[in-house]
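Note sheet for the following structure.
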Amino acid sequence: MKSCAIVGASGYTGRELLDLLSRHPRLRATVVMTARAGAAPEPPAFPNDPTIDALDLDRLAGVDGVFLCTPHGAASAIAKAALTHGKKVVDLSADFRLRDPALYELVYHAAHPAPELLAEAVYGLTEHRRAAVAAARLVANPGCYPTSVLLPVLPLRQAGLLDERAPIIADSKSGTSGAGKAPSERTHFGAVHENFCAYGVGTHRHAPEIQQEAGTAHLVFTPHLLPTFRGILSTIYLTPKPGVTADAVRECLRARYAGEPFVRVYDTGQPELRCVQRTNQCHVAVAASGPLVVVTSAIDNLVKGASGQALQNMNLMLGLPEGDGLS
């Protein structure tokens with residue numbers, strides 16, 4: 001039996017990890033802490049929940065792995081402390097996703113707090129970085145929107161099926177939990193109920209992350225806020241190379257993800273949020289639309305887009321079966 005710490009356990013991703021780990025046969029959350037320095041312990045929110053203890057970095061010495069469910073900027077110092085103790089770290093914040101500290105400063109409006117760790121941090125899109133994740137000390141868990149876009153796009157770019165001169169257009173919609181637990185005027189019930197809107201058009205912080213990992217600046221990303229709590233559906237408009245059909249695109253994705261337990265490529269039909277909510281699945285479909293190929297993908301933003309993928313990565317880092325706690 002392995003043990004882990006969850007730092008930032010009161011947020012949505014921390015609570016999701018607690019739920020996943022409660023069913024894990026080989027990994028237990030033995031340290032459950034707030035990420036806020038100086039904050040008092042929090043009593044259990046529900047009868048079966050643990051108390052969320054005050055932040056105490058010395059307690060990280062007694063676990064095998066550490067999950068960081070903190071806001072960006074706050075994870076780096078805790079990551080350094082955990083690495084000093086020789087622990088495996090999966091960071092669910094944005095601190096180690098962007099490899100260029102200057103780009104991080106541009107996107108997050110602050111100097112990177114630990115640039116010396118950027119070179120070794122592995123971007124943990126598990127299906128594409130499995131060997132690197134298994135050997136890593138520090139994994140940057142991908143953002144939820146990037147996961148929904150990169151899983152279908154990366155195999156097509158790697159296979160050379162797309163017109164490099166044409167933009168990739170990712171039109172993505174997320175439930176309100178993607179904005180985190182802290183309430184805001186935009187995400188409270190009265191603003192979301194029976195409403196639908198785009199936001200962060202041309203400025204969203206996930207766009208540079210998607211462009212970095214897709215290896216192209218010719219990518220347009222627009223997020224939208226759905227009147228639901230969880231789930232992301234991305235509609236991705238692609239221009240194939242001459243002679244490349246939707247069937248060829250579908251076959252490329254099917255071949256790349258054959259045997260992958262958490263990615264399903266549809267033969268017919270379209271993915272829906274209700275098919276992936278509360279699962280670690282990514283469902284993908286392909287269709288022709290005039291000169292374009294339209295790929296749709298659906299994930300649960302709190303599971304495959306955050307805590308589930310983080311657990312996939314930690315399982316690999318600790319030498320455990322990748323799917324433990326996720327089936």
Take THR13 and decide whether it is open to solvent by less than 70 Å² (accessible area, probe 1.4 Å), at pLDDT 95 or above, closer than 23 Å to ASN301 by Cβ and not aliphatic (A, V, I, L, M). yes
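Taking the criterion of being more than 18 Å from ASN301 (Cα to Cα), of a type in the set (A, V, I, L, M) and within 19 Å of the chain's Cα centre (by Cα), would at least one residue in the range 206-215 satisfy it?
Within the range 206-215, one or more residues are more than 18 Å from ASN301 (Cα to Cα), of a type in the set (A, V, I, L, M) and within 19 Å of the chain's Cα centre (by Cα).
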THR228 fails exactly one of (1) at pLDDT below 95; (2) not in a loop (DSSP other than H, G, I, E, B), namely (2)
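For the range 291-298, check the following and say yes or no: at least one residue is of a type in the set (Gly, Ala, Ser), out of contact with any Phe, Trp or Tyr (no Cβ under 6 Å at 6 or more places or on another chain) and surrounded by fewer than 24 Cβ atoms within 10 Å (Cβ to Cβ).
Checking the range 291-298: not a single residue is of a type in the set (Gly, Ala, Ser), out of contact with any Phe, Trp or Tyr (no Cβ under 6 Å at 6 or more places or on another chain) and surrounded by fewer than 24 Cβ atoms within 10 Å (Cβ to Cβ).
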_Residue under question is PRO152, and the condition is that it be out of contact with any Asp or Glu (no Cβ under 7 Å at 6 or more places or on another chain), in contact (Cβ under 8 Å) with a residue 12 or more places away in the chain and assigned to a helix (DSSP H, G or I); does it hold?_
yes
Of the residues in the range 17-31, those that are surrounded by fewer than 24 Cβ atoms within 10 Å (Cβ to Cβ) and outside any loop (DSSP other than H, G, I, E, B) come to LEU18, ASP19, LEU20, LEU21, LEU27, ARG28, ALA29, THR30, VAL31
Restricted to the range 164-200 and to residues being within 28 Å of ALA246 (Cβ to Cβ) and open to solvent by 30 Å² or more (accessible area, probe 1.4 Å), the residue farthest from the chain's Cα centre (by Cα) is ARG165
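Can you tell me which of THR228, THR222, THR235 is of a type in the set (Val, Ile, Thr) and over 27 Å from ALA182 (Cβ atoms)?
THR235
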Check: Would you say ARG97 is of a type in the set (Lys, Arg), assigned to a loop (DSSP other than H, G, I, E, B), in contact (Cβ under 8 Å) with a residue 60 or more places away in the chain and surrounded by 21 or more Cβ atoms within 10 Å (Cβ to Cβ)?
Finding: yes
Listed by first then second residue, the pairs whose first member lies in the range 200-222 and is in a helix (DSSP H, G or I), whose partner is of a type in the set (Phe, Trp, Tyr), with beta carbons under 6 Å and at least 6 positions apart or on separate chains, are HIS206/TYR145; ALA207/PHE221; ILE210/PHE221
Reported set for the range 231-251 where residues are of a type outside the set (Val, Ile, Thr) and either assigned to a loop (DSSP other than H, G, I, E, B) or under 18 Å from the mean Cα position of the chain (by Cα) (or both) is GLY231, LEU233, SER234, LYS241, PRO242, GLY243
Within the range 51-70, residues under 25 Å from the mean Cα position of the chain (by Cα), under 16 Å from SER10 (Cβ atoms) and either modelled with pLDDT under 90 or assigned to a strand (DSSP E or B) (or both) come out as ILE52, PHE67, LEU68
Scanning the range 266-286 for residues that are of a type outside the set (Val, Ile, Thr) and touching a helix residue (DSSP H, G or I) at 6+ places or on another chain (Cβ under 6 Å), the one nearest to GLY308 (Cα to Cα) turns out to be ASN280
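The values are calculated or read from the model by the stated rules, or taken from the named source; none is laboratory data. What you see is a predicted model, and the numbers here were worked out from it, not measured in a lab. Note: ideal-geometry Cβ built from the backbone for every residue, glycine included; neighbour counts use all protein chains shown. Areas reflect the complete protein model, heavy atoms only, side chains present, ligands, DNA and RNA absent. Shrake-Rupley method; radii C 1.70, N 1.55, O 1.52, S 1.80 Å.
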